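Encoded as structure tokens, the structure appears first; notes follow it.
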Amino acid sequence: MKKRIFSAVFTLIMGMSLLAGCNTQPEKLEFTTFAMDTVMNITIYSEDQDGARGVSEALTSLLAGMDSMLSATREGSDISQINQSEGQPVEVTGWTMELLPQVLELCQATDGALDITAYPAVKAWGFTGEEHRVPPSNELAELAAKIDYTAVELGMNTVSVPAGMEIDLGAVAKGYAGDLLAYNVRDNNLSSALLDLGQSTIVAVGTKPDGSPWRIGVRDPEGEDYFAVVELEDMAMGTSGGYQRYFEEGGVTYWHILDPKTAAPARSGLSSVTVVSPSALTCDGLSTALFVMGLEDGTQFWRDHPELEFEAVFVTENGEIYRTAGLEGRFSLADGYQDREVTVLE
């Protein structure tokens, strides 16, 4: 009888141990890296910390490689070689060849509100690190005349642009990287991660370990606080705003988001645009394009392009807040902002 009792107790204990092992909570692994001119913070949850560290090393290597190929300022990068080619075709790597067709499609869809050939204008304003300046009107007219994404020619594995034209993928490169990093994370059977790629590009892989959505703050363009929270689950979020990079001269603020039609800072009446989509590339590209379009045209673009699968939050220069209907249940005002009115766009 005692042997039977001992056997039963032993079996119960072993069963409880196995159950405990099955319920092991994933541990958090965080790391920071610098790429694409910004600090990036990656958080991964995994029960296998050795495996997670291997993934973190792979992600860091991937970012470094993409940066070396897609940067307009890195000597020897694909983009740098294209810009220095004087109109001759340049053979490029897989990442560049994969990204450019997608970006040019976004340029076309937005009717040039997003245009990757505005780089000479960006440089003329000093937003690439040089001293800031306000170009005269005749110079701006000349710069605007050379902004034309349709002039970019893609071959089988080559890219060419007319002499005097230069391209820059700064508005989309981090989003593209985010999509590739998220794919890498999922491919390694990790179902919970948050990829903060800096300058308001966020990719949420799955949910938090407890199954709840990731809660991401949307910055108030007028301050350092977050005016709203967006809940993400297997989604990305990107924000473009005049507050991110700018300079002041003669009492006027000039920000880095240029209108391709004028080669000057976009004056659309908006102070920020946030885009939510399954694709981080879409988020980055469209947040810039919608900022250039303004509230009315940006809203109509959202209505006209359901195939792009995105939602948006617009903040006007007057502080008015608008959000698209698809964010219902995922958007809320933050503490201290709950008395603000939010207009839902249908």
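Each reported figure results from applying straightforward, stated rules to the coordinates on display, with no laboratory input. Keep in mind it's a predicted model, so treat the numbers as computed, not measured. Quick reminder, even Gly has a Cβ in these numbers, built from the backbone with ideal geometry, and neighbours come from all protein chains shown.
Here are a few things to note about the model shown:
- With a Förster radius of 45 Å applied to the C-beta separation of Ala334 and Ala151, the computed FRET efficiency comes to 0.55.
- Candidates Gly198, Gly211, Gly129, ranked by Gaussian network fluctuation over the chain, Cα under 10 Å, top entry: Gly129
- Sorted largest first, extent of the chain alpha carbons per principal axis (Å): 101, 52, 36
- Taking all Cα-Cα distances within the stretch 82-160, those exceeding 18 Å account for 50%.
- Most mobile listed residue (Val152, Val39, Val273) in the chain, GNM with C-alpha springs under 10 Å: Val39
- Scanning residues 5 or more positions from Gly198 or on other chains, those with amide H under 5 Å from its amide H are Asn41, with H placed 1.01 Å from N in the peptide plane.
- Rg to Rh quotient for the stretch 213-346, alpha carbon positions, Kirkwood Rh: 0.95
- Model label zone, His305; criterion: amide N under 15 Å from point 7 Å along Cα-to-beta-carbon; scope the stretch 267-281: 273-281
- Cβ-based exposure ranking for Glu224, Glu320, Glu86, in which fewest neighbours within 10 Å come first: Glu224, Glu86, Glu320
- Centre separation in Å (Cα based) which lies between the stretch 72-90 and the stretch 242-279: 26 Å
- Take the Cα of Glu86, step 7 Å toward its Cβ, do the same at Arg74, and the gap between the two points is 2.6 nm.
- Computed label-point distance, nm, for sites Val252 and Phe31 using a 7 Å Cα→Cβ extension: 4.7 nm
- The stretch 223-232 - phi-based ³J(HN,Hα) in whole Hz, Karplus 6.51/-1.76/1.60, Gly and Pro as x: x, 9, 7, 9, 8, 8, 10, 10, 8, 10
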